[in-house]
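Colleague: Take a look at the following structure, please.
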Amino acid sequence: MNTFYVTTPIYYVNDVPHIGHAYTTIAADILARHHRQLGEDVFFLTGTDEHGNPAARAAQKRGLTPKEHADEMVVKFQDLVKLVNASNDFFIRTTDPEHCAAVQRFIQKLYDKGDIYIKSYSGLYCSSCEAFYSEKDLMDGKCPDHGTEPELVEEENYFFRLSGYQQTLLDFYDGNPDFVKPSTRFNEARSFIEQGLEDISISRATLEWGIPIPWDPKQVVYVWVDALLNYITALEYARNESLFLKFWPATYHLMAKDILKFHAVIWPALLMASGNELPRHLFIHGYLLMGGQKMSKTRGNVLDPFEVMNKYGVDAFRFYCFREVAFGQDGVISLEGFESRYNSELANELGNLVSRTVAMVKKYCEGVVPGPTAKSKEFSSISLRLQENTMAALENVELTVCLEKIWEFVRALNKYVEDTAPWKLARDSASRDALNDVLYNLVEGLRICAILLHPFMPETTLEILRRLGQPGSPGNLAIENAKWGGALSGATVESADPLFPKLI
Ligand code: MSP
């Protein structure tokens, strides 16, 4: 059986979760659900990054210990994961004792191998990024991401021989042109490596909140090394058995471009140093912007994901994010944009199509899905193409392209209702077969849409199938069933409130 391992970044607990966090988690969930529909063995990992300076400072401000603070904050992230209906197989916390022990074993191995050495160091450090910057990376002397002045930090640190991996990394990039997707991000990462890599400090002497360096417990492991390792440590303890052999290398690490360098340079080098395989792909998506800027708590332009989803529904939100912004690019989201798409596409085009279909089967066929007199050749070939196109899009993580293909079909079905006008056919008993065919085709078209849309809108699609009297077990949701002619004739439809009540 094929395996599929997808991860999100593990999120910082120094602040509450926002829509940006929900976005990556939903994207990973869409891929996980799709690969389950393909019959693959899937592992989907998300979690929280709980060590480091910002988390320690946030705790201090609240008069809590870092662990007390993390224990409170993690609940909000876990609530968000539940709220967005993510089907993750595990939630890792970097304060898990199993993770900490595995990180210590990992760096001890690198130390024993001679890849880690001690050196005095001074550099400009942005404690919000948890990263050192050289003068040339700064904008007007300030951190390009946070707009704050970095501090001059002078410490004796342990260093990882990153520079020694420059050529091996370049060779790897050249042999794996789809390691980082989209290709613009690949080029960015490769050219960064090409410009020259310096050894990096992988310990901190002034911070107590972290995993102690096993051979020198006065220092703690640099938070990024601790965090990146989550992708492999989780496989060791998520279940009673090790899942490492089964799921490593990961198929996709998803993230936004803010953390590309860590994943495209440091992570592969750490894996090479430890003799592990590299992940198959990194997929770098864009930023959701509000008012033209990346959402961030410091800028104060965040939407509360809990508020939005509780008000409009989770599936509508899941749909909107990937419909509105081409996945991979930056894009602006807004409540107005959301409401307009909700009304035009979810309420009018999809919701209304379901209601009309159910109502017509009730009215003209006593609520029982009719059998077709002949299998529609046209719909058979349209739906075959649709199945292939959506699968190809998701294979390439083109979530927005996939939705667009499905939506073209939703629109074609709406047009089909108008063109065939079943209410007219119903007036003439000679058109009985034609009427049955139209109604069958509508049920069948919607059944196929429901299967293909399932990863995007898990609850709504099950409800569509239920209303159409079609089975919705995981087996029925398999992609191979998104083929024309599979609808159950003789099933009883059920009417209910609109799937997406119009927003006024
Ligand atoms: N803890 C690190 C990641 C360690 S992974 C080994 C971290 N955490 S974070 O909380 O800042 O999360 C960053 C990630 O959140 C981004 O890479 C992206 O996946 C997601 N997003 C945060 N804001 C976002 C937007 N405005 N738009 C899109 N994604 C957003 O970095």
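The values are calculated or read from the model by the stated rules, or taken from the named source; none is laboratory data. Note that the coordinates shown come from a computational prediction; the quantities given were computed from them, not determined experimentally. Cβ: placed from backbone, ideal geometry, glycine included. Neighbour counts: every protein chain shown. What goes into the accessible areas is simple: the full protein's heavy atoms, side chains included, and nothing from ligands, DNA or RNA. Shrake-Rupley method; radii C 1.70, N 1.55, O 1.52, S 1.80 Å.
Colleague: Pairs Lys61/Lys257; Lys375/Lys483; Lys109/Lys261; Lys181/Lys257; Lys181/Lys261; Lys181/Lys483: which exceed 20 Å Cα-Cα? Please report the intermediate quantities before stating the final value.
Modeller: Working: Lys61/Lys257 29 Å; Lys375/Lys483 12 Å; Lys109/Lys261 24 Å; Lys181/Lys257 11 Å; Lys181/Lys261 13 Å; Lys181/Lys483 30 Å.
Where the Cα-Cα span goes over 20 Å, the pairs concerned are Lys61/Lys257; Lys109/Lys261; Lys181/Lys483.
Colleague: Is there a quick way to get the dipole size of region 415-504? I mean about its Cα centre, with the Cβ of Lys and Arg at +1 and of Asp and Glu at -1; what is the value in debye to the nearest 20?
Modeller: So the magnitude is around 80 debye.
Colleague: With a cap of 15 neighbouring Cβ atoms within 10 Å, and only residues DSSP puts in a loop, list the trypsin sites (Lys or Arg not before Pro) found in region 450-492.
Modeller: Passing both the DSSP loop test and the Cβ count: Lys483.
Colleague: Which of the trypsin sites (Lys or Arg not before Pro) across region 60-137 are loop residues per DSSP, with 12 or fewer other Cβ within 10 Å? It would help to have the intermediate numbers written out before the result.
Modeller: Details: sites: Lys61, Arg62, Lys67, Lys76, Lys82, Arg93, Arg105, Lys109, Lys113, Lys119, Lys136; in loops: Arg62.
Hits after loop and neighbour filter: Arg62.
Colleague: Using the Cα centre of the chain as the reference point, and only Cβ charges (+1 on K/R, -1 on D/E), how large is the resulting charge dipole? Debye, rounded to the nearest 20. Working shown, then result.
Modeller: Numbers: 50 positive and 66 negative charges, 289 e Å.
Dipole size: approximately 1380 debye.
Colleague: Among the Cys residues of the chain, which have no other cysteine Cβ under 4.7 angstrom away?
Modeller: If one checks each Cβ against the other cysteines of the chain, Cys100, Cys321, Cys365, Cys402, Cys449 turn up with nothing under 4.7 Å.
Colleague: Further question: In debye, nearest 20, what is the charge dipole magnitude of region 59-133 about its Cα centre with +1 on Lys and Arg Cβ and -1 on Asp and Glu Cβ, if you could check? Provide the component values of the computation, followed by the final result.
Modeller: Values: 10 positive and 10 negative charges, 40 e Å.
Value, rounded to 20: 200 debye.
Colleague: What percentage of the solvent-accessible surface of region 32-136, computed with a 1.4 Å probe over protein heavy atoms, is contributed by carbon and sulfur atoms?
Modeller: 50
Colleague: For Leu289, what residues show an amide H to amide H distance below 5 Å, using hydrogens built from the backbone and excluding near sequence neighbours?
Modeller: Sorted by chain and number, the residues that satisfy this are Gly331, Val332, Ile333.
Colleague: With a/c under 1.5 counting as rounded, go ahead and sort the chain into rounded, prolate or oblate using the C-alpha gyration tensor (a ≥ b ≥ c being the square roots of the eigenvalues; past the cut-off, prolate if a/b is larger than b/c, else oblate). Write down the numbers at each step before the final one.
Modeller: Numbers: a/c = 2.52, a/b = 2.18, b/c = 1.15.
Judged from the Cα gyration tensor, the chain comes out prolate (a/c at least 1.5, a/b above b/c).
Colleague: If a helix is a whole DSSP H run, which ones in the chain reach 18 Å or further along their own axis (Cα) and hold a mean Kyte-Doolittle hydropathy of at least 0.0?
Modeller: 352-365, 399-420, 432-453
Colleague: Determine the distance separating the Cα centre of region 116-172 from the Cα centre of region 364-430; give it in Å without decimals.
Modeller: 55
Colleague: Okay, moving on. I'd like the distance separating the alpha-carbon centroids of region 443-489 and region 68-90, in whole Å.
Modeller: 29
Colleague: Out of the total accessible area of region 215-366 (probe 1.4 Å, heavy atoms of protein only), what percent is carbon and sulfur?
Modeller: Values: 2730 of 5650 Å².
C and S fraction of accessible area: 48 percent.
Colleague: Then there is this: Check Ile92: other-chain or 5+ apart residues with amide H under 5 Å from its amide H, H built from backbone geometry?
Modeller: Thr46, Gly47, Thr48
Colleague: Using the Cα gyration tensor of region 373-502, with a ≥ b ≥ c the square roots of its eigenvalues, what is the shape: rounded (a/c below 1.5), prolate (a/b larger than b/c) or oblate (neither)? Mind dumping the intermediate values first?
Modeller: Working: a/c = 1.74, a/b = 1.48, b/c = 1.17.
Prolate.
Colleague: Long-range amide H contacts for Ala256: which residues qualify at under 5 Å (H placed 1.01 Å from N, peptide plane, sequence gap of 5 or more or a different chain)?
Modeller: Excluding prolines and chain starts, which carry no amide H, the hits are His285.
Colleague: Using +1 at the Cβ of each Lys and Arg and -1 at the Cβ of each Asp and Glu in the chain, identify which of Gly367, Val223, Cys129 lies farthest towards the dipole's positive end.
Modeller: The residue sitting farthest along the positive end of the dipole is Gly367.
Colleague: For region 69-185, rounded, prolate or oblate, judged on the Cα gyration tensor with a ≥ b ≥ c (square roots of eigenvalues), a/c < 1.5 rounded, else prolate if a/b > b/c?
Modeller: Numbers: a/c = 1.33, a/b = 1.24, b/c = 1.07.
Rounded, because the longest to shortest axis ratio a/c is under 1.5.
Colleague: In the chain, if the dipole is taken from +1 on Lys/Arg beta carbons and -1 on Asp/Glu beta carbons about the Cα centre, which of Ile479, Ala491, Leu110 is farthest to the positive end?
Modeller: Value: Ala491.
Colleague: When the Karplus curve 6.51 cos²θ - 1.76 cosθ + 1.60 is applied with θ = phi - 60°, which whole-Hz ³J(HN,Hα) does each residue of region 334-341 get, with x for Gly and Pro?
Modeller: Each residue of region 334-341 in turn: 7, 5, 5, x, 4, 5, 6, 5 Hz.
Colleague: Could I ask something else about it? Of all DSSP beta bridges located in the chain, what percent are antiparallel, nearest 5? Numbers along the way, then the final one.
Modeller: Numbers: 23 of 46 bridges.
Looking only at bridges with both residues in the chain, the antiparallel portion is about 50 percent.
Colleague: Per residue, what accessible area does the chain have, given a 1.4 Å probe and all protein chains present, in Å²?
Modeller: On the way: 21160 Å² over 504 residues.
Value for the chain: 42 Å² per residue.
Colleague: Hey, got a sec? Which chymotrypsin sites (Phe, Trp or Tyr not before Pro) in region 180-255 land in a DSSP loop and have at most 14 other Cβ atoms within 10 Å?
Modeller: Details: sites: Phe186, Phe192, Trp209, Trp215, Tyr222, Trp224, Tyr231, Tyr237, Phe244, Phe247, Tyr252; in loops: Trp209, Trp215, Tyr222.
Hits after loop and neighbour filter: Trp215.
Colleague: What does the helix-only formula give at 222 nm for the chain: each DSSP H stretch with n ≥ 4 adding -39500 (n - 2.57), the total divided by the residues, and the result rounded to the nearest 500 deg cm²/dmol?
Modeller: It comes out at -14000 deg cm²/dmol, rounded to the nearest 500.
Colleague: Of Leu162, Leu245, Tyr5, whose Cα points farthest to the positive end of the dipole of the chain (charges on the beta-carbon: +1 Lys, Arg; -1 Asp, Glu; origin at the Cα centre)?
Modeller: Sorting the options by dipole projection puts first Tyr5.
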